[in-house]
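Data first, discussion second: the structure below is written as structure tokens.
What follows is calculated from the coordinates using simple rules that are stated; it is not laboratory data. Please read these numbers as outputs of a predicted model, since none were measured by experiment. Positions of Cβ are generated from backbone atoms using ideal geometry, with glycine treated the same way; all protein chains shown enter the neighbour counts.
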Amino acid sequence: MTRRQQLPRSAGQPQRQVSPEPELPQLPGLDVIAELTADSDRTSYQARRYGVDYRLTVYDPQPGESTSTLRRFRRDAALLAELAHPRLPAVHEVGQIGDRPYLVTELVSGRPLTDVIAGAPISVSDAMRLILDVVEPLTAMHRQGLVHGDLGSRQLIVLEDGSARLHDAGIGTGGRGNLGYLAPEQSGALGRPVDNRTDLYALGVVLFECLTGTLPFLAEDRGMLAELQAERSAADPRTLTGDLPESLALLVTTLLAREPADRYQSGAELAADLRLLLGEPPLDLDDTAKVLGRGRELDLINELWDQVHRGRGRGVAVRGIAGVGKTSLIEEVLRSARRTGAPVLSLTCRRDDPEPLGPLRRAVDSLIRDADTQPVTQRNELHARVRSAAGRAAPLLAGLSPALAGLLGHTRLPEIDRHDQFAAAVSQFITELALLSGGLVLVTDDADLIDPSTLRMMSLLAATLADVPILSICCFRTDRPEPSALDPSLAALRAATDLDLVLEPLERPGVDGLLAARLPGLDLDSPLARTLREHGAGNPFVMLAHLRTIVDAGLLHPHWGSWLLDEEGRDQLALPDDPLGMVLAELETLEPTTRGVLAVAAVTGWRFRPADVTAIGGLASEQTFTALAEATDRGLVELTGKGDYRFRHARTREALLAGIEPEESARLHQHAAEVLGALLDQSSPSYPADCYAIAQHYLLGRPSDSPD
């Protein structure tokens, strides 16, 4: 089958005419016509409203499921309706009949992929395109905090043009999944929570099935499947089909890795690799809403970017209180820059960053690793420019990041006192990379928290900025106390700007634009819109956090193109109207165990490994992963790297640290130093950074206990 071949017309899934079940009353304005599918926990019907057919799914709560499960159902339906992705089934109504929730969605007509495969493989290119069709909208779901949990080839519908879509979003499944497509954490072979990587495993099974005509594990029940998954890895698909490219086989086996940390960590990574194998350019799968209400500021920055393209360096300062939209504005600038192929170095400063030049090290690492998702020509061009920019300083610069060391082919020089030499070399490297690229964007977020080593390098760059094609953007928080004696270098950095932007709270048009983008079909004169505007007071973070709390509580319902708010329930929330207060309120709604685990994670660092949190907190591994699953679901932390996590917002970590008593904080830091010191691996690429982190834990712990 190819995309150009037309499939036979089909009315959708096999139907048989039935009468509605006696206990299912006819919904007002909706006629139940035929049963589509029936499972142990749900039944789907073809239903008609005003001459248009829809999919009505009625769920049967499982024994022991509580009202919180029903609230979760309403929450997930609202999140999917918020997303309004063109390649996901549109949500039209959510409701409840007795204790049975129901969902009305778009009816996706076509052939289930199961029927297309019919036990025989399909072509390699068709298989990859079908998975690509699904993984990109699935990635949007994951970024919205949704996990399908029930993927299989029968959930993928092949349309007449040969493309694939999901006919449902897994709402109400509880992550139970389909036998044969279950990840080890679903079958019971592995004690891990269900998350986005569970969906990617299921897609790996579907891809394996498309390529070979069979499943990687054949089992009669969950117990047998768990045993098979515990005993051996999934087979290499090349053992069943001889003409499969090695790179595609590696992609499949990565998806089917037993440990979630060994799989693809995001759908965006998988989509990028699929597009590379298909010879197609990557897509920007970032679903962050386009910046709204900041058109003037964006135009001013873009004018300076045009001047940078003409060889003139420019500096911008963006100032404002927490949550006012600095990050969203800069992300839009960076998206535009990346589309031109310009290198982007995005530095994020942290108050207690232990490693000198830590923000820049991470930025360089990201620049090089992100290039791996680009077409070969673009990737090779960037690599060549990086090597040329390093020049003779390559042995010295190799110590900047593991990815850079690998690219330059040098190992880290022995540790010596060479901070000034190193800062000068890094500054020269960035200058040369900008000249070779015809323009470079350097962003420093939370610049008022910059560490001395990074500040030294930035000061060197600022001194020659006018003659180098660099757009330097420094973001400052205006709601932090000013240092009693402002570092002269930081003062110089603030002064080295051609444009000083102070972001004020959004005005009504910007607020309404943001609400309309976030809640498609929202009546901007409705009580919900008024509530969000009043509590947000022009601060996007507060407004959207308020909205998220309402959605998490199951108080917002999509209803045929509009939204219904449970106003009585909303009035009982009594939410604060400042960023820190919103974070604290969000933390209070977490399970106590989850708050405790997150507090240990906050002590461990802005970025942390689950195993470290488990050891430092004296926790059970299952406790840690369950807590991180809840925190990820609530948008407080996110996966990054191979199984590592990080806090999505600095304010979340700050609030957690502020809630720990000083003596307990010192105890945790001391224990963290001892635990991490025992785990220190000199062969690890992160060894230097780990050493700095351990030293800082000792300093914040009880230095007198272990002065050496």
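Taking 0.36 nm per residue of separation and subtracting the Cα-Cα distance, full extension of the segment from residue 383 to residue 680 would add 103.8 nm. For the stretch 112-145, the residues whose amide N sits under 14 Å from a probe point set 7 Å from the Cα of residue 163 along the beta carbon direction are 129-138.
Each of the GluC sites (Glu not before Pro) that DSSP puts in a loop and that has at most 10 other Cβ atoms within 10 Å breaks the chain; the longest unbroken stretch is 508-708.
Here the chain is treated with +1 on each Lys and Arg Cβ and -1 on each Asp and Glu Cβ, and its dipole about the Cα centre works out to around 1560 debye.
With only Cα atoms counted, the chain has Rg and Dmax values of 26.6, 82 Å. If the chain linking residue 40 and residue 534 were pulled fully straight, counting 0.36 nm for each residue of separation and taking away their Cα-Cα distance, it would gain 173.3 nm.
For the stretch 257-277, the residues whose amide N sits under 14 Å from a probe point set 7 Å from the Cα of residue 376 along the beta carbon direction are 276-277. The calculated FRET efficiency for the pair residue 575 and residue 661, based on their C-beta separation and a Förster distance of 25 Å, comes to about 0.40.
Pull out the extension gain between residue 243 and residue 278, defined as 0.36 nm times the separation in residues minus the alpha carbon to alpha carbon distance; nm, one decimal. Please list the in-between numbers first.
Details: separation 35, 0.36 × 35 = 12.60 nm, distance 1.60 nm.
Computed gain between residue 243 and residue 278 is 11.0 nm.
Sequence-distant contacts, meaning Cα pairs under 8 Å at least 6 residues apart, place the relative contact order of the chain at 12 percent. Taking the longest Cα principal axis of the chain as reference, the axis of helix 508-518 is set at about 50 degrees. With a Förster radius of 56 Å applied to the beta-carbon distance between residue 478 and residue 120, the computed FRET efficiency rounds to 0.30.
Taking a point 7 Å out from the Cα of residue 233 in the direction of its Cβ, none of the residues of the stretch 345-388 has a backbone N less than 11 Å from it.
What net charge do the residues around residue 191 carry, taking every other residue with its C-beta under 13 Å from that of residue 191, with Lys and Arg at +1 and Asp and Glu at -1?
Working: positive: 192, 258; negative: 185, 259, 622.
Its environment carries a net charge of -1.
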